[in-house]
Amino acid sequence: MNAIENERLRVTFRYAPGEKVYHRFETIGVMAEVLLDGKDVFTEPEQLDAGRFSCQGVGLCGEYVWDGLGAEVRKGEWYPKFGVGLIEQNEDNKPYDMWDASYQYTLFPVTAQFFEDRAVFTQEPIPCRGYAARIVKEIALSGSQIRSTTTVENCGEKPLHMAEYQHNFVAVNHQVIGPDYELEVPFNRELDKMEGSVSSLKTREKVPDVLAVEGGKMVWKRSMGEGLTLFHRFEQEALACGGKSFWTLRNKKHGLSITEEFDFVPSVLVQWGIEHCVCTEVYAPIEANPGESCRFTRTWWLKRERGE
């Protein structure tokens with residue numbers, strides 16, 4: 001079994017114990033497909049073009065970020081990539097590089113329990129260089145809501161200083177990102193900077209007049225299906241959480257939306273997107289001394305804002 005469901009939702013996980021996966025995204029609780037009312041899909045793979053490099057991300061897919069750990073070790077030594085496993089360093093004091101496909105790595109052990117409308121994933125630690133973490137993720141359904149609660153337990157000898165984010169490879173019913181979409185990110189005080197964030201995948205040059213900010217929302221003046229991408233990273237000082245800790249992607253053609261709410265103050269916000277999906281990446285800071293735990297919750301709402 002690799003899916004859970006209720007009367008509104010069916011969530012299918014990418015789960016295969018021992019399967020060799022790419023070393024970037026976590027190996028537990030990856031929601032590869034989210035289906036509403038048996039017909040509406042909100043998740044996409046990282047890439048559709050087989051000619052492009054891919055880290056094999058899909059759907060609601062998380063990563064633990066602590067790139068500096070690689071800078072502590074020399075070639076041939078090992079360090080943890082939390083959420084995934086142990087990585088063998090291939091160059092002295094090199095920070096983790098998500099684009100480097102040459103790493104050798106060993107996955108952390110994973111167990112999973114599936115119930116009708118709930119799943120619990122546990123990733124056990126392999127101690128390395130004084131670092132170790134047990135990660136437990138519980139994903140539960142209620143109506144058209146998905147609630148993900150993650151607990152990170154520091155089982156090692158050294159403090160943990162990292163972050164987790166969900167890449168959120170999302171769209172509505174496989175429709176290309178364009179004028180039918182709008183993205184609301186109310187906690188971003190510098191949302192206007194997104195207007196200059198679009199560039200060509202081929203030339204990497206900026207492309208004007210594609211994205212606008214109107215009424216506190218990102219709107220598309222034309223399709224991203226012209227080989228375009230968007231990217232902007234916002235640091236914590238640009239973010240104002242408290243009563244508005246959510247983002248919403250709406251599709252006016254289908255009358256559907258997906259909202260993510262979170263119960264923490266984010267450390268970073270990254271906006272990324274290409275032709276077939278747009279991603280809002282909200283970073284959850286993780287700080288835990290040996291013997292301590294850190295817990296955070298993300299909740300996604302799938303809504304039918306009007307009938308079809």
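Of the candidates TYR105, TYR96, the single residue that is of a type in the set (Ser, Thr, Tyr) and more than 21 Å from the chain's Cα centre (by Cα) is TYR105. Looking only at region 26-44, residues that are part of a strand (DSSP E or B), under 12 Å from the mean Cα position of the chain (by Cα) and in contact (Cβ under 8 Å) with a residue 40 or more places away in the chain come to 2 in all. Can you report the number of residues in region 215-242 which are under 22 Å from the mean Cα position of the chain (by Cα) and closer than 30 Å to PRO285 by Cβ? The number of residues fulfilling the criteria is 16. Residues in region 133-158 that are of a type outside the set (Lys, Arg) and open to solvent by 50 Å² or more (accessible area, probe 1.4 Å) were compared, and the one that is farthest from THR12 (Cα to Cα) is GLU157.
Report the residue count in region 187-214 for those that are among the β-branched types (Val, Ile, Thr) and either surrounded by fewer than 12 Cβ atoms within 10 Å (Cβ to Cβ) or touching a Pro at 6+ places or on another chain (Cβ under 7 Å) (or both).
At the first step, the residues of region 187-214 found to be among the β-branched types (Val, Ile, Thr) are 198, 203, 207, 210, 213.
Okay, now just the ones that are also either surrounded by fewer than 12 Cβ atoms within 10 Å (Cβ to Cβ) or touching a Pro at 6+ places or on another chain (Cβ under 7 Å) (or both), so 203.
Selection size over region 187-214: 1.
Table: residues versus (1) part of a loop (DSSP other than H, G, I, E, B); (2) hydroxyl-bearing (Ser, Thr, Tyr).
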residue: THR149; (1), (2): no, yes
residue: GLU164; (1), (2): no, no
residue: VAL176; (1), (2): yes, no
residue: GLU182; (1), (2): no, no
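Does ASP97 fit the bill of being farther than 18 Å from HIS23 by Cα, open to solvent by 40 Å² or more (accessible area, probe 1.4 Å) and of a type in the set (Asp, Glu)? In short, no.
Tell me, yes or no, whether region 270-282 has at least one residue that is in contact with a Pro (Cβ under 7 Å, 6 or more places away or on another chain) and modelled with pLDDT of 95 or more. Checked region 270-282: at least one residue is in contact with a Pro (Cβ under 7 Å, 6 or more places away or on another chain) and modelled with pLDDT of 95 or more. Considering region 273-286, the residues that are over 11 Å from the mean Cα position of the chain (by Cα) and open to solvent by 10 Å² or more (accessible area, probe 1.4 Å) include one that is nearest to ALA32 (Cα to Cα), namely HIS276.
Restricting the first member to region 168-183 and to residues that are open to solvent by 10 Å² or more (accessible area, probe 1.4 Å), and the second to residues that are of a type in the set (Phe, Trp, Tyr), the beta-carbon pairs closer than 7 Å and six or more apart or on different chains are PRO179/TRP220.
Is it true that some residue in region 123-132 is open to solvent by 40 Å² or more (accessible area, probe 1.4 Å) and within 16 Å of GLU26 (Cα to Cα)? Write out each step before concluding.
Let us first name the residues in region 123-132 that are open to solvent by 40 Å² or more (accessible area, probe 1.4 Å), namely 124, 126-127, 129.
Of the ones still in play, those that are also within 16 Å of GLU26 (Cα to Cα) are 124, 126.
Checking region 123-132: at least one residue is open to solvent by 40 Å² or more (accessible area, probe 1.4 Å) and within 16 Å of GLU26 (Cα to Cα).
How many of the residues in region 215-231 are modelled with pLDDT of 95 or more and either open to solvent by 50 Å² or more (accessible area, probe 1.4 Å) or of a type in the set (S, T, N, Q) (or both)? So the count comes out to 6.
Could you please find all residues in region 36-77 being among the aromatic types (Phe, Trp, Tyr) and either crowded, with 17+ Cβ neighbours inside 10 Å or out of contact with any Phe, Trp or Tyr (no Cβ under 9 Å at 6 or more places or on another chain) (or both)? Can you show your working first?
Step one: list which residues in region 36-77 are among the aromatic types (Phe, Trp, Tyr), which gives 42, 53, 64, 66.
PHE42, TYR64, TRP66, listed by residue number.
I'd like to verify a number: residues in region 193-217 that are without any contact (Cβ under 8 Å) to a residue 40 or more places away in the chain and either touching an Asp or Glu at 6+ places or on another chain (Cβ under 7 Å) or of a type outside the set (D, E, K, R) (or both), how many? Of the residues in region 193-217, 14 are without any contact (Cβ under 8 Å) to a residue 40 or more places away in the chain and either touching an Asp or Glu at 6+ places or on another chain (Cβ under 7 Å) or of a type outside the set (D, E, K, R) (or both). For region 232-251, give me each residue that is farther than 16 Å from ASP192 by Cβ, open to solvent by less than 50 Å² (accessible area, probe 1.4 Å) and either assigned to a loop (DSSP other than H, G, I, E, B) or without any contact (Cβ under 8 Å) to a residue 40 or more places away in the chain (or both). Of everything in region 232-251, those that are farther than 16 Å from ASP192 by Cβ, open to solvent by less than 50 Å² (accessible area, probe 1.4 Å) and either assigned to a loop (DSSP other than H, G, I, E, B) or without any contact (Cβ under 8 Å) to a residue 40 or more places away in the chain (or both) turn out to be CYS241, SER245.
The values are calculated or read from the model by the stated rules, or taken from the named source; none is laboratory data. Worth saying up front: this structure is predicted, and the values here are computed from it rather than measured. In this analysis, Cβ positions are derived from the backbone assuming ideal geometry, glycine residues included, and neighbour counts consider all displayed protein chains. Keep in mind that these areas ignore ligands, DNA and RNA; they rest on the heavy atoms of the full protein, side chains included. Shrake-Rupley method; radii C 1.70, N 1.55, O 1.52, S 1.80 Å.
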